[in-house]
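J.: Quick one: the structure is below, questions incoming.
What follows draws every value from the coordinates through simple rules; no lab data is involved. Predicted model, so just to flag it, every value in this text is computed and none were measured. As a convention, Cβ positions derive from the backbone with ideal geometry for all residues, glycine included, and neighbour counts pool all protein chains shown.
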Amino acid sequence: MAQTNTLEFRAPVSETASEALDGVWKDFIGSISGIGKGVYHSDAELNSVLNHNLVMVHSLLMSTGSYRGLVNNSVQRLTRTKSWGWQSVYQDAIAKAGLFSTYSNAPVPLHDHPGVSGVVMVVEGQVEVERYTLKDKYRQQTQSGQVELQRCDRKVLKPFEISWFGPEECNVHSMHAITDQCVMLKVQLAQMKAERSWYFPVRTHDQELGTLSAHRIISRYL
């Protein structure tokens with residue numbers, strides 16, 4: 001299985017996640033916080049930097065018995081009890097990291113992370129990610145209702161490939177596991193202040209421009 005490769009970085013030791021990440025965590029978070037701030041000259045550069053950094057973070061975490069156990073347990077959990085799974089790995093005042101699991105028969109609908117940047121990397125399996133940007137005139141909307149989204153992209157991620165979301169750009173996304181199960185390492189900056197929302201497509205009224213009309217449902221339970 002694909003996770004065999006992830007176990008070859010280093011032999012597990014007794015250090016904690018914070019100890020494993022000491023020296024790289026703040027720089028890594030800095031690379032994420034640069035999303036949408038003109039730090040990167042292109043999406044290709046952004047993807048390259050984040051991909052390199054997240055692979056490094058994953059390899060460092062694999063040196064800890066706790067993270068290695070979470071990865072193995074997530075991969076081996078073929079009988080699920082919930083639609084999606086979240087296992088916290090590390091959290092401080094700046095950001096949090098964890099393992100997110102999703103399944104082919106339980107796609108994650110379009111949802112947002114208001115004002116927050118983050119990145120996910122596939123550890124095991126494959127997942128299709130579709131990303132959208134909420135159009136400007138709807139960003140201050142505080143009630144549920146119809147909105148318009150501009151498509152960023154739609155792609156299938158394989159092990160060690162990433163997808164990111166910025167405070168505004170590509171902040172709305174959905175996930176659909178292509179394999180029976182997909183496990184991802186996710187790192188997200190500090191918690192958002194605004195309430196999050198689900199987005200349920202109404203119709204695509206301009207296929208060429210990739211504009212999607214959707215009904216936005218604000219939910220404090222997301």
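J.: Taking N as the number of residues in segment 59-208, what is its Cα Rg relative to 2.2 N^0.38 Å?
T.: On the way: Rg = 15.9 Å, N = 150, 2.2 N^0.38 = 14.8 Å.
This ratio for segment 59-208 stands at 1.08.
J.: Ordered by residue, what ³J(HN,Hα) values in Hz, to whole numbers, does segment 97-104 give under the Karplus form 6.51 cos²θ - 1.76 cosθ + 1.60, where θ = phi - 60° and Gly and Pro are x?
T.: 10, x, 9, 10, 10, 9, 10, 5
J.: Which listed residue (P201, Y132, L60) has the Cα farthest towards the positive end of the charge dipole for the chain, taking +1 on Lys and Arg C-beta and -1 on Asp and Glu C-beta about the Cα centre?
T.: Most positive-ward Cα: P201.
J.: Residue by residue through segment 53-66, which ³J(HN,Hα) values in whole Hz follow from phi under the Karplus form 6.51 cos²θ - 1.76 cosθ + 1.60 (θ = phi - 60°), with glycine and proline marked x?
T.: Values per residue, Gly and Pro as x: 5, 6, 4, 5, 4, 4, 5, 5, 5, 5, 7, 9, x, 5 Hz.
J.: At what distance in nm do the modelled label points of W86 and S66 sit from each other, each positioned 7 Å from its Cα along Cα→Cβ?
T.: My value for the distance between the label points is 1.8 nm.
J.: Isolated Cys in the chain by the 4.7 Å beta carbon test?
T.: Result for the chain is C182, no neighbouring Cys Cβ within the cutoff.
J.: Here's something else I'd like to know. For n ≥ 4 DSSP H runs only, could you compute -39500 (n - 2.57) per run for the chain, divide by its residues and tell me the 222 nm figure to the nearest 500?
T.: Values: 5 runs with 49 residues, N = 222.
It comes out at -6500 deg cm²/dmol, rounded to the nearest 500.
J.: For a 27 Å ceiling on Cα separation, which of these pairs sit above it: K37/K193; K26/K155; K96/K158; K37/K135; K37/K186? All intermediate terms of the calculation are to be shown ahead of the outcome.
T.: Working: K37/K193 19 Å; K26/K155 29 Å; K96/K158 23 Å; K37/K135 18 Å; K37/K186 21 Å.
Checking Cα-Cα distances, K26/K155 exceed 27 Å.
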